[in-house]
Amino acid sequence: MDDDPVLVSLAEDLRRDDPRLADLLDGVAVRRRHRTWFLLALPLLALPLLLPLGVVLGLLAVLAIVAAPLAVCWLLSASEGPVPGRP
C-alpha cells in the first residue's frame, strides 16, 4: 500500500463508509467469491466419478441443450446497441 497519508486517509474513509466497495477494490471479495464457486462445484466434479458413463454423458447432453438458448439470450442482452450494417 502507498505511504501517502492522503491515500491512507481516503482508504480509511472508504472502509468506514462502504466496506464492501473497499473489499472489492482490495480484491478480498474476488478471492472469497472464487472459493465459494469452487466449493459449490466440488460435488458436481465428484459426481461423474460415482455415476455410470452413459448417465454422465446424458446429463451433459441435457445440460448443453438447456444452456444453449440461455447462453444466446444472455449474449443478446449483453450487446451494446444495434448491430452495424442493419437498418
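The values are calculated or read from the model by the stated rules, or taken from the named source; none is laboratory data. From a predicted model like this one, the values you see are computed outputs, not experimental measurements. Note that we place each Cβ from the backbone using ideal geometry, even for glycine, and neighbour counts take in every protein chain shown.
Of note:
- Among residues of segment 13-25 that are free of Cβ contacts under 8 Å to residues at least 40 places away in the same chain and part of a helix (DSSP H, G or I), those with a beta-carbon under 8 Å from a residue that is of a type in the set (D, E, K, R) and surrounded by 12 or more Cβ atoms within 10 Å (Cβ to Cβ) at least six positions away or on a different chain give the pairs 22/15.
- Residues in segment 26-56 that are modelled with pLDDT of 85 or more and either touching a His at 6+ places or on another chain (Cβ under 8 Å) or not in a helix (DSSP H, G or I) (or both): 51, 52.
- Yes/no for residue 15 being at pLDDT 80 or above and among the charged types (D, E, K, R): yes
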